[in-house]
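Written out below as structure tokens is the structure these notes cover.
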Amino acid sequence: MRIPQLRMEATYAKLAISTVPAKLDITQPPAEMTIEQPSAEMSVASIPARLTIDQSQAWASMNNKHVFQLIKDAADRGRQAVLDYIDRTAVQGDELMRIENGGDPLADQAAANSEGPPLEFNIALVPPPFSVKVDYEPGQLDIDWHIQKPRIDVNTHAPIIRYQQGAIKIDLAQRPSLHIDVVI
């Protein structure tokens, strides 16, 4: 005896998946920047140094004087000589006025008037030491800077972002089926 048999054939479903990837594009435009540096300003103020050398006393000690100084010295010596003569004449006049007191005032006065002053000899350095006067005033230099700050201008640009959305597509590539046969 034969028993009928069932034969089954099944086909499974197949899926087809296709994808479109997402795209992201980012572009950053460069920033625009301007830099300006104003030049610094400098001011200089100076007082020059001063050196003063006075050698008039050294020249005067060597009898090399200016003509005005020579005239003044001669006038001073002449005035002093007149004053000395007036003094000596007054004293000698007083002595002669008292001739009755004794003594020999005429002989004494004749001897005093005929002799000059005693001569003096001395060794001297010409010009004498420290007769040249030196004076120095140092100079002064002031430098002043006025520094300007730099001017910086920056214009930034936002980034450009392009986004394309991705996709996933799912299709049924093969339908499922079930086939049943009876075999005797």
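The values are calculated or read from the model by the stated rules, or taken from the named source; none is laboratory data. Since we're looking at a predicted model, the values are computed, not measured. Positions of Cβ are generated from backbone atoms using ideal geometry, with glycine treated the same way; all protein chains shown enter the neighbour counts. SASA here: full protein model, heavy atoms, side chains in, ligands and nucleic acids out. Shrake-Rupley method; radii C 1.70, N 1.55, O 1.52, S 1.80 Å.
Restricting attention to the stretch 69-110, the residues being farther than 28 Å from residue 123 by Cα, open to solvent by 80 Å² or more (accessible area, probe 1.4 Å) and either polar (S, T, N, Q) or under 60 Å from the mean Cα position of the chain (by Cα) (or both) number 1. When residues in the stretch 150-184 are screened for being touching a residue at least 24 places away in the same chain (Cβ under 8 Å) and assigned to a loop (DSSP other than H, G, I, E, B), 9 of them pass. Among the candidates 127, 117, the residue that is over 30 Å from residue 37 (Cβ atoms), surrounded by 10 or more Cβ atoms within 10 Å (Cβ to Cβ) and not β-branched (Val, Ile, Thr) is uniquely 127. Being open to solvent by less than 90 Å² (accessible area, probe 1.4 Å) and within 30 Å of residue 163 (Cβ to Cβ) is true for just one of 31, 45, 49, 13. Which residue is that? None of the other options fit; the residue is 31.
Out of (1) assigned to a loop (DSSP other than H, G, I, E, B); (2) under 58 Å from the mean Cα position of the chain (by Cα), the odd one out for residue 57 is which? Every listed condition holds for residue 57 apart from (1).
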